[in-house]
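What follows is a set of notes on a single structure, which appears directly below.
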Protein chains: 2
Amino acid sequence: MTEKATPSPEAIKAWARLMRVSRQLMESAEEALKAAGLPPLAWYDVLHELAEAGEGGLRPFQLIERTLFAQYNISRLLARLEADGLVEKLPVADDGRGHTIRITAKGRETRRQMWAVYGRSITELVGAKLSADELTRVSALLGRLRHPPASD
Amino acid sequence: MTEKATPSPEAIKAWARLMRVSRQLMESAEEALKAAGLPPLAWYDVLHELAEAGEGGLRPFQLIERTLFAQYNISRLLARLEADGLVEKLPVADDGRGHTIRITAKGRETRRQMWAVYGRSITELVGAKLSADELTRVSALLGRLRHPPASD
DNA sequence: TCTATATAGATGCAAATGCATTAACCTTGG
DNA sequence: CCAAGGTTAATGCATTTGCATCTATATAGA
């Protein structure tokens, strides 16, 4: 018996849909931001995490855990954010290797502006296409594809 | 009345899940290919379309329609595929501007090898996580997020 | 304490991407 | 037939990404 193991047609279709749709939606959102003269989505992700973290800020490695960015990616993204005055790097007392990243007032403002556009994209691309109930079901099903699986 | 329009919590969650999960799964699949010493997923997409197109091949602009790649992206990807001997560019009779791209025997072989790994990833990451019925439901829901919406 | 190892983050270099433009060819209207 | 405009594909240049490595600090073990 050979090791064939081609996925089921249902699995292939779900995979293809997932990849296609996510890329398409992401590109639409990205395009809307660009059209508004705002920074790319990646910046939003980081600003969002930092805004939630509050005054305490976050260490770069914590951002890596929360987002899915690679280490060098975060390192350079933070450098750009700092150059734009959206975040600040503070030395951390008990660990001389790293620093804490804190969002600035300007960073919060940029995040607000981005959310105005990004949120609208989410509404148009997702919120307007499925009912609340259907959205919940999609979330639940996708959650089970996550690693580790999400219960809710 | 202000123009607030923050998306519903359900929409936000579905969006976040979609973005996270798709990136995570894509990266897993990509990693598996790399670990097997095979080319990236983008190559598979193109080889797949070309394999389906058969001996007639496809024009670059047709590949752009079928995949979601940008024009310059396809142009360079095809250059790399050609350099590796996986596709060949044939002049097209009635249009001197472009050429037809045809997959070579080596290209088919590479695609086969990639599918062995890629298919396994799909099975593990998706096929093994949800039932056939659930997969069908995910596909249907995601299809409605597509542009244009898919019926099935 | 001193050495080995682990962790945090930055960076040099090569490859890929995005953007704008260009080159080549086709089509259409006069 | 010719000019104007459209389509197909490639490419120069700047930015971004990926990989590997490197520096600096921290921690654990002899």
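If you filter region A:83-115 down to residues that are among the charged types (D, E, K, R) and away from DNA strand C (no atom under 16 Å from the Cβ), you find that the one that is farthest from the other protein chains (Cβ to nearest Cβ) is A:Lys106.
Does A:Thr136 count as more than 16 Å from DNA strand D (Cβ to nearest atom), at the interface with chain B (Cβ under 7 Å from one of its Cβ atoms), under 20 Å from A:Ala35 (Cα atoms) and among the hydroxyl-bearing types (Ser, Thr, Tyr)?
When the stated conditions are applied, A:Thr136 does not pass them.
Listed by first and then second residue, the pairs linking a residue in region B:104-126 that is touching a residue at least 12 places away in the same chain (Cβ under 8 Å) and more than 14 Å from B:Glu31 (Cα to Cα) to a residue that is hydrophobic (A, V, I, L, M, F, W, C) and not in a helix (DSSP H, G or I), with Cβ atoms under 7 Å apart and 6 or more places separating them unless they lie on different chains, are B:Thr104/B:Leu86; B:Thr104/B:Val87; B:Lys106/B:Leu86; B:Gly107/B:Leu86; B:Gly107/B:Val87; B:Thr110/B:Leu86; B:Gln113/B:Leu38; B:Val126/A:Leu145.
What about B:Arg17, is it within 11 Å of chain A (Cβ to nearest Cβ) and surrounded by 19 or more Cβ atoms within 10 Å (Cβ to Cβ)?
Answer is yes for this residue.
Residue count for region B:44-81 satisfying the condition of being hydroxyl-bearing (Ser, Thr, Tyr) and touching a residue at least 40 places away in the same chain (Cβ under 8 Å): 1.
Once region A:94-125 is narrowed to residues that are touching a strand residue (DSSP E or B) at 6+ places or on another chain (Cβ under 6 Å) and among the hydroxyl-bearing types (Ser, Thr, Tyr), the residue that is farthest from A:Ala42 (Cα to Cα) is A:Thr100. The number of residues in region B:42-56 that are surrounded by fewer than 19 Cβ atoms within 10 Å (Cβ to Cβ) and touching a helix residue (DSSP H, G or I) at 6+ places or on another chain (Cβ under 7 Å) comes to 4.
Taking region B:34-58 as the range and being closer than 26 Å to B:Arg146 by Cβ and either within 12 Å of DNA strand C (Cβ to nearest atom) or within 14 Å of another protein chain (Cβ to nearest Cβ) (or both) as the test, the residues that pass are B:Pro40, B:Leu41, B:Ala42, B:Trp43, B:Tyr44, B:Asp45, B:Val46, B:His48, B:Glu49, B:Glu52.
Quick note: the coordinates plus some simple rules give every number you see, no bench work behind them. None of these values were measured; they are calculated from a predicted model. Backbone-built Cβ (ideal geometry, glycine too); neighbour counts: all protein chains shown.
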